[in-house]
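Each remark here refers to the structure printed beneath this line.
The values are calculated or read from the model by the stated rules, or taken from the named source; none is laboratory data. Computed from a predicted model, the values in this text were never measured in an experiment. Quick reminder, even Gly has a Cβ in these numbers, built from the backbone with ideal geometry, and neighbours come from all protein chains shown.
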Amino acid sequence: MFSVFSADKYLRFYLIIPAIVLLLLLTLFPIVYILYFSFFEYSSNVDVPHQFIGLENFKRLFVDEAFHNALKNTIFFTVVAVSIEFALGLGFALLVMNFIEKVSIIKTILLIPMMIAPIAVAITWKFLYAPFVSPFNHLMMKLGQAPILFTSDVKLAMPSIIFVDIWQWTPFIFLMMLAGLASLPKEPYEAAQIDGASAWQQFRDLTWKFLQPVIIITLLLRIMDAFRLFDQVFILTRGGPASVTDTLSFHIYKVAFRFWDIGWAAAMSLFMLAVTLTISIWFVGKLNVEK
Amino acid sequence: MKLIKFLSCVLSLVFISSYVYAITVIVPNGGEGDGLRAAAKDYTALTGVEVEFVQAPYEQVFDKAANAANTKSGSYDIVLMDDPWIPFFAENGHLAEMGPYFDALGVDGPDNDFLGKSMAICRNPYNSGPYVCIPYVGNAQMFFYNTAAFAEAGLDGPPADWDSVHAAMQKISASGSFGYVLRAQEGNPVVAQYMPIFWSFCGKLFDENRNATVNSPEGMKALEFFLKLRDVSPPGAASMNQEETGQYILQGMAKSTINWPNWVTNFEDPSQSNVVGEMTYAAIPSGDCAGSSEIGHWALGIASASKNQQAAFDFIHWASSKEQIDISAGRGNPPVRFSTFTNPELTSQAKFRHFPVLMEAINYSTPRPRHPKWPELEQVFGVYLSKAVAGVMSPKEALDKANAELDKILK
């Protein structure tokens with residue numbers, strides 16, 4: 001049997017060809033199909049063929065104000081939400097690791113939001129934010145106060161969405177950080193303590209440095225996910241008020257499935273892919289440096 | 001063995017018949033869809049034809065139906081369409097023409113009992129082409145106001161012009177309530193709210209050459225008045241849709257609004273309303289031009305990709321018959337037939353006291369522009385209107401930008 005395999009050194013490659021073809025079909029074909037459509041003006045009319053327009057949809061990336069607004073909102077959301085989630089997640093992990101490590105019920109409770117489907121989270125918060133039926137606003141009205149328009153006020157809508165994301169995804173960062181902290185070696189800390197290092201010095205010079213690979217992977221996953229924000233916007237605000245919560249994913253959805261401008265939606269999707277790919281490559285590069 | 005063969009045949013027939021005669025209808029959430037669902041149960045009991053329903057929020061009905069149409073999946077045999085969607089579906093070839101089905105019945109088309117304006121939207125091109133749908137819910141906007149509150153604010157008769165109505169609204173707002181509640185969520189809601197104001201200030205969306213004219217002097221005047229309505233409305237208008245504006249009226253916190261007639265049922269329902277019997281339903285007041293309601297009918301169309309077109313037509317024909325429209329009106333859906341509007345059994349009931357005004361509103365209504373890209377035009381225009389309402393853009397900047405964007409889409 002062994003001799004049969006060794007007789008043809010390429011046999012092992014032949015054997016994995018079907019798997020590779022299947023993988024390419026499943027991953028590359030949709031991207032190639034999107035790329036194809038990005039060069040066309042899609043026609044919804046069954047009698048009118050799609051029109052080839054070259055790079056027009058890509059040129060539009062530089063001038064379309066609605067796209068720029070969605071991009072700005074997405075970047076703002078990603079930076080603010082992930083920063084706060086990271087700070088809170090790391091803080092909770094340090095707290096649990098150092099002070100309440102034995103209380104496993106707290107860990108479980110902290111993880112609950114992450115276990116709920118994003119769409120269910122958004123629907124729950126829709127009711128919690130509602131001007132008339134939410135418990136908070138009901139109380140406000142009982143006290144003779146006007147309801148707080150969490151998702152209706154131009155200034156509150158984006159912070160309200162960010163808050164929901166923080167509520168749901170801080171536990172993920174907490175979990176990753178906790179796993180990272182649990183795997184840290186004990187010896188450097190013992191040595192530092194003998195040398196008289198303060199808790200802050202131990203965190204800065206040991207914990208932070210040892211945690212770098214975990215931090216990089218965690219931030220990479222969260223940034224990629226936050227950049228594609230859709231569910232919460234779709235349920236809570238529909239991109240409003242006045243487009244202040246219109247994110248890239250939601251904008252692409254509108255352009256594709258309401259306006260049926262598939263070519264333009266394809267170009268924006270490819271832009272999103274390029275951005276997430278660039279971020280991933282940068283983070284993976286950082287990871288390799290850390291190693 | 002024979003028994004097994006016999007049972008197999010019976011089961012196959014049952015399966016085939018259920019497959020052939022089941023029709024799928026996509027409808028919106030709320031009264032329009034609920035009414036048709038209720039009717040469908042009667043239809044199944046009568047004919048044995050199964051009618052399956054997919055019910056979704058307003059915008060998703062369009063998204064799902066358009067997706068099915070573009071992919072020619074035939075997922076839905078019938079679409080209950082908001083009337084501004086009709087040009088998109090019809091001009092892109094996604095709706096089956098109904099002429100051949102009427103021919104088979106030996107008639108030219110729908111009977112003359114339907115209101116003229118109701119039938120006009122179901123022809124493509126508007127009011128002249130072949131029938132591509134049958135109207136089912138006779139929505140046209142009305143001005144809803146609290147009779148006592150406006151009388152106290154000095155407006156005794158029917159609201160005739162916006163100036164006197166607005167003066168009364170200001171007095172109401174000064175006394176602690178809200179004179180008006182504005183629906184200005186971006187997209188369809190704010191545009192639907194804006195259009196009757198726009199028309200009453202003589203505004204036109206396009207000129208005869210299809211150039212956008214929303215930033216004309218008439219348009220500016222209309223938007224400035226629209227913002228005056230915002231100032232007598234509860235805060236947060238820029239993201240309010242029907243649910244929120246309806247709640248403000250139901251709770252008695254706001255005293256007037258422009259809304260669709262299917263809300264009348266809610267306002268007159270003691271289990272959910274604090275204003276039963278207090279509201280008057282009137283025509284849209286005039287500005288520099290006569291007030292005109294926006295027509296917003298829901299109509300039943302057959303998907304061109306449907307494999308059950310005859311069965312779909314039979315259901316639509318039955319559901320839009322005089323008897324069924326009477327029943328539908330009794331369930332709270334505004335009718336589309338003259339005989340229903342004048343049916344004494346209905347008009348004698350207090351909850352249908354708005355029927356004469358509504359029929360008048362439909363007869364003098366204005367349709368939204370019949371353009372296949374209307375969903376996109378509406379969304380873009382709606383974003384800028386909403387920005388003006390939210391105060392993040394000046395009225396002039398909002399209209400200038402909206403005009404430029406609309407022109408880009410129209411070119």
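The set of residues from the range B:211-248 being part of a helix (DSSP H, G or I) and modelled with pLDDT under 95 comprises B:ALA237, B:ALA238, B:SER239, B:GLN242, B:GLU243, B:GLU244, B:THR245, B:GLY246, B:GLN247, B:TYR248. Working carefully through the options A:ILE281, A:ILE217, find the one that is at pLDDT 90 or above, under 13 Å from the mean Cα position of the chain (by Cα) and either farther than 30 Å from A:SER152 by Cα or assigned to a loop (DSSP other than H, G, I, E, B) (or both). A:ILE217 is the lone residue from the list that is at pLDDT 90 or above, under 13 Å from the mean Cα position of the chain (by Cα) and either farther than 30 Å from A:SER152 by Cα or assigned to a loop (DSSP other than H, G, I, E, B) (or both).
Considering only the range B:100-130, how many residues are over 27 Å from B:ASP63 (Cα atoms) and out of contact with any Ser or Thr (no Cβ under 7 Å at 6 or more places or on another chain)? Before the answer, list the steps.
Here is the first cut: in the range B:100-130, the residues over 27 Å from B:ASP63 (Cα atoms) are B:100-116, B:128.
Now narrow it down to the ones that are out of contact with any Ser or Thr (no Cβ under 7 Å at 6 or more places or on another chain): B:100-112, B:114-116, B:128.
Of the residues in the range B:100-130, 17 are over 27 Å from B:ASP63 (Cα atoms) and out of contact with any Ser or Thr (no Cβ under 7 Å at 6 or more places or on another chain).
The numbered conditions (1) within 14 Å of another protein chain (Cβ to nearest Cβ); (2) outside any loop (DSSP other than H, G, I, E, B); (3) closer than 23 Å to B:GLY277 by Cα are all true for B:GLY176 except (2). Residues in the range B:154-179 that are free of Cβ contacts under 8 Å to residues at least 24 places away in the same chain and within 17 Å of B:SER233 (Cβ to Cβ): B:ALA167, B:ALA168, B:LYS171, B:ALA174, B:SER175, B:GLY176.
Could you tell me whether the range B:32-47 includes any residue that is away from every other protein chain (no Cβ under 14 Å), surrounded by fewer than 20 Cβ atoms within 10 Å (Cβ to Cβ) and not in a helix (DSSP H, G or I)? Scanning the range B:32-47, I find no residue that is away from every other protein chain (no Cβ under 14 Å), surrounded by fewer than 20 Cβ atoms within 10 Å (Cβ to Cβ) and not in a helix (DSSP H, G or I), so the answer is no. Considering the range B:341-376, the residues that are of a type in the set (Lys, Arg) and away from chain A (no Cβ under 14 Å) include one that is farthest from B:PHE143 (Cα to Cα), namely B:ARG370. All of B:ILE325, B:ILE316 fail the test of being buried (at least 19 other Cβ atoms within 10 Å of the Cβ), out of contact with any Ser or Thr (no Cβ under 9 Å at 6 or more places or on another chain) and part of a helix (DSSP H, G or I), apart from B:ILE316.
Of the helices (runs of 4 or more DSSP H) lying entirely inside the range A:49-144, those containing at least 1 residues that are at negative phi and within 14 Å of another protein chain (Cβ to nearest Cβ) are A:56-59, A:65-98, A:118-129, A:135-142. Of the residues B:VAL336, B:VAL389, the single one that is buried (at least 24 other Cβ atoms within 10 Å of the Cβ), touching a residue at least 40 places away in the same chain (Cβ under 8 Å), more than 14 Å from every other protein chain (Cβ to nearest Cβ) and farther than 22 Å from B:VAL276 by Cα is B:VAL336. Report, by residue number, each residue of the range B:361-411 that is in a helix (DSSP H, G or I), β-branched (Val, Ile, Thr) and at pLDDT below 95. B:VAL380, B:VAL383, B:VAL389, B:ILE409, listed by residue number.
Residues of the range B:140-170 that are crowded, with 17+ Cβ neighbours inside 10 Å and over 20 Å from B:SER286 (Cα atoms): B:ALA149 alone. Is it the case that the range B:350-360 has a residue that's over 23 Å from A:ASP64 (Cα atoms), not in a helix (DSSP H, G or I) and not acidic (Asp, Glu)? Among the residues of the range B:350-360, at least one is over 23 Å from A:ASP64 (Cα atoms), not in a helix (DSSP H, G or I) and not acidic (Asp, Glu), which makes the answer yes. So is B:ALA96 in contact (Cβ under 8 Å) with a residue 40 or more places away in the chain, among the aliphatic types (A, V, I, L, M), surrounded by 14 or more Cβ atoms within 10 Å (Cβ to Cβ) and within 11 Å of another protein chain (Cβ to nearest Cβ) or not? The answer is no for B:ALA96.
Select from the range B:250-268 the residues that are touching a residue at least 60 places away in the same chain (Cβ under 8 Å) and part of a loop (DSSP other than H, G, I, E, B) and write down the one among them that is farthest from B:ASN146 (Cα to Cα).
Only one residue fits best here, namely B:TRP260.
Among residues of the range A:228-254 that are more than 10 Å from every other protein chain (Cβ to nearest Cβ) and under 17 Å from A:VAL275 (Cβ atoms), those with a Cβ under 9 angstrom from a residue that is outside any helix (DSSP H, G or I) and charged (D, E, K, R), sequence gap 6+ or separate chain, pair up as A:THR247/A:ARG228; A:LEU248/A:ARG228; A:SER249/A:ARG228; A:PHE250/A:ARG238. The number of residues in the range B:58-83 being of a type in the set (Val, Ile, Thr), in contact (Cβ under 8 Å) with a residue 60 or more places away in the chain and either under 21 Å from B:GLU243 (Cα atoms) or at the interface with another protein chain (Cβ under 9 Å from one of its Cβ atoms) (or both) comes to 0. In the range A:38-57, the residues that are among the β-branched types (Val, Ile, Thr) reach residues that are part of a loop (DSSP other than H, G, I, E, B) with C-beta atoms within less than 7 angstrom, at least six apart or across chains, in these pairs: A:VAL46/B:ASN92; A:VAL46/B:GLY93; A:ILE53/A:PHE39. In the set (1) surrounded by fewer than 19 Cβ atoms within 10 Å (Cβ to Cβ); (2) under 16 Å from the mean Cα position of the chain (by Cα), B:HIS297 fails one condition alone, (1).
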